[in-house]
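K.L.:
Starting off with a structure, shown below.
The values are calculated or read from the model by the stated rules, or taken from the named source; none is laboratory data. Worth saying up front: this structure is predicted, and the values here are computed from it rather than measured. A quick note on method: Cβ atoms are made from the backbone with ideal geometry, for glycine too, and the neighbour counts reach across all protein chains shown.
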Amino acid sequence: MDDDARALTLEPDRSSRHSAGIHASPAEVYEAITDPRALSRWFLSEASIDLRPGGAYRWVFGDATGTSGPDAHVASGEFVAIAPQEAVRMKSRVRDLDTDLEFRLDPWRDGTVLTVTHGGFPGDESWDETFRAIDEGWESEVQVLKFYMEKARGMIRRSQFHEIRIAAPVEEAYLRFTTQAGICSWLAGRAAADPSPGGEFLLEWEGRSAIRGRFAVANSERLLVMTWEGDKPSVVRIWFEEDDEGRASIISLEHRLFAPDRDGFEPWRWDEALARLAEAVRGGPPA
């Protein structure tokens, strides 16, 4: 064990911490967070990693953020301490500040509890948006990794990105994705939904296969993460932003598709669906 990584604790000014129980061994989860090829299957586009204390890492988010080439988002830093299959601690450079990033793996039943802690963020207002984005990112990515390990392991991923402004407040926009009446107003012919973390949902249409899944993250009106399960697994992440006057919402949606090969992707028709959503809100809130 390098520098007793298991004994490390993070005491930053402001810290993001999220955990998930994953039905995979600590060795398998450790590989998923440290091997460049494995990382590219669920998290990022490419990575270079020197896995040792003092070694550098570089994560490139291209397809994972909707940009590529020179516009891709890049995260970099260095490893501080490593305990294989138990813990990894890193320094992560954010806005010219060295922050502390830790992945901790604890045995759990027939799997692993993964806890991601990202701390060292100043508490002043100028960091609020950056911290919120990073916190929401880790909250959802921990759930994406859980879904990948349990439902899509070995597959490759591709993301669709969409954004729309609708004439409804955030509270209503959120209900359009999380309630039976809201979903049936634009997305599905019939629906059932339990919008709590881990709650199930069902989408049905005439003449089409139904979609079953879960709400992986559903604890605010800012972020929603839905897993679509079955032969064609995928994850839908939705961010809700209020305009300056609070009467309209900006909805940003990522649909992360998994498939055994590049010919297996079947993009969802989100442009058509979101156009129906914009039309539905003109008729007022869902009954």
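K.L.:
Would you point out the residue of the range 87-137, among those that are polar (S, T, N, Q) and touching a Ser or Thr at 6+ places or on another chain (Cβ under 7 Å), that is nearest to residue 16 (Cα to Cα)?
P.N.:
Looking at the filtered set, the residue picked out is 117.
K.L.:
Related question: Scanning for something in contact with a helix residue (DSSP H, G or I) (Cβ under 7 Å, 6 or more places away or on another chain) and farther than 22 Å from residue 157 by Cα, does the range 252-270 turn up at least one residue?
P.N.:
No, there is no match, as no residue in the range 252-270 is in contact with a helix residue (DSSP H, G or I) (Cβ under 7 Å, 6 or more places away or on another chain) and farther than 22 Å from residue 157 by Cα.
K.L.:
Condition first: hydroxyl-bearing (Ser, Thr, Tyr) and within 15 Å of the chain's Cα centre (by Cα). Now tell me which residues in the range 205-232 satisfy that. Before the answer, list the steps.
P.N.:
First pass over the range 205-232, keeping only residues hydroxyl-bearing (Ser, Thr, Tyr): 209, 220, 227.
Those that are hydroxyl-bearing (Ser, Thr, Tyr) and within 15 Å of the chain's Cα centre (by Cα): 220, 227.
K.L.:
Then there's this: Quick one: is residue 254 exposed (fewer than 14 other Cβ atoms within 10 Å of the Cβ), charged (D, E, K, R) and part of a strand (DSSP E or B)?
P.N.:
Values: exposed (fewer than 14 other Cβ atoms within 10 Å of the Cβ): no; charged (D, E, K, R): yes; part of a strand (DSSP E or B): yes.
Answer is no for this residue.
K.L.:
If you scan the range 116-136, which residues turn out to be under 17 Å from the mean Cα position of the chain (by Cα), surrounded by 17 or more Cβ atoms within 10 Å (Cβ to Cβ) and outside any strand (DSSP E or B)?
P.N.:
Hits for the range 116-136 are 131, 134, 135, 136.
K.L.:
Is it true that some residue in the range 225-236 is touching a Leu at 6+ places or on another chain (Cβ under 9 Å) and either at pLDDT below 95 or not in a strand (DSSP E or B) (or both)?
P.N.:
Scanning the range 225-236 turns up at least one residue that is touching a Leu at 6+ places or on another chain (Cβ under 9 Å) and either at pLDDT below 95 or not in a strand (DSSP E or B) (or both).
K.L.:
What are the residue pairs meeting all of these: first residue in the range 14-32, first residue under 20 Å from residue 118 (Cα atoms), second residue surrounded by fewer than 17 Cβ atoms within 10 Å (Cβ to Cβ) and of a type in the set (Lys, Arg), Cβ atoms under 9 Å, and 6 or more apart or on different chains?
P.N.:
Listed by first residue and then by second, the contacts come to 21/109; 32/153.
K.L.:
Okay, next question. Being in a helix (DSSP H, G or I) and under 30 Å from residue 31 (Cα atoms), is that true of even one residue in the range 162-184? Walk me through how you get there before you give the answer.
P.N.:
Of the range 162-184, the ones in a helix (DSSP H, G or I) are 170-178, 180-184.
If we keep only those that are under 30 Å from residue 31 (Cα atoms) as well, we get none.
Taking every residue of the range 162-184 in turn, none turns out to be in a helix (DSSP H, G or I) and under 30 Å from residue 31 (Cα atoms).
K.L.:
Further question on the same structure: Can you confirm whether residue 178 is over 17 Å from residue 148 (Cα atoms) and either assigned by TED's automatic domain parsing to the domain that holds residue 140 or of a type in the set (S, T, N, Q) (or both)?
P.N.:
Yes: the conditions hold for residue 178.
K.L.:
Taking the condition assigned by TED's automatic domain parsing to the domain that holds residue 35, touching a helix residue (DSSP H, G or I) at 6+ places or on another chain (Cβ under 7 Å) and not in a strand (DSSP E or B), does residue 105 pass?
P.N.:
Judged against the criteria, residue 105 is not a match.
K.L.:
Right, something else. Can you tell me which residue among 116, 74, 94, 88 is among the aliphatic types (A, V, I, L, M), closer than 23 Å to residue 160 by Cβ and in contact (Cβ under 8 Å) with a residue 12 or more places away in the chain?
P.N.:
That would be 74, the only listed residue that is among the aliphatic types (A, V, I, L, M), closer than 23 Å to residue 160 by Cβ and in contact (Cβ under 8 Å) with a residue 12 or more places away in the chain.
This table checks each residue for (1) in contact (Cβ under 8 Å) with a residue 60 or more places away in the chain; (2) hydrophobic (A, V, I, L, M, F, W, C).
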residue: 56; (1), (2): no, yes
residue: 128; (1), (2): no, no
residue: 131; (1), (2): yes, yes
residue: 136; (1), (2): yes, no
residue: 140; (1), (2): yes, no
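K.L.:
Among the residues of the range 150-168, is there at least one that is surrounded by 20 or more Cβ atoms within 10 Å (Cβ to Cβ), under 24 Å from residue 40 (Cα atoms) and not basic (Lys, Arg)?
P.N.:
Looking for residues that are surrounded by 20 or more Cβ atoms within 10 Å (Cβ to Cβ), under 24 Å from residue 40 (Cα atoms) and not basic (Lys, Arg), one finds at least one in the range 150-168, hence yes.
Yes/no per residue for (1) without any contact (Cβ under 8 Å) to a residue 24 or more places away in the chain; (2) in the same structural domain as residue 253 (by TED's automatic domain parsing); (3) in contact with an Asp or Glu (Cβ under 9 Å, 6 or more places away or on another chain):
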site: 191; (1), (2), (3): yes, yes, yes
site: 194; (1), (2), (3): yes, yes, yes
site: 199; (1), (2), (3): yes, yes, no
site: 210; (1), (2), (3): yes, yes, yes
site: 221; (1), (2), (3): no, yes, yes
site: 224; (1), (2), (3): no, yes, no
site: 227; (1), (2), (3): no, yes, no
site: 230; (1), (2), (3): yes, yes, no
site: 237; (1), (2), (3): no, yes, yes
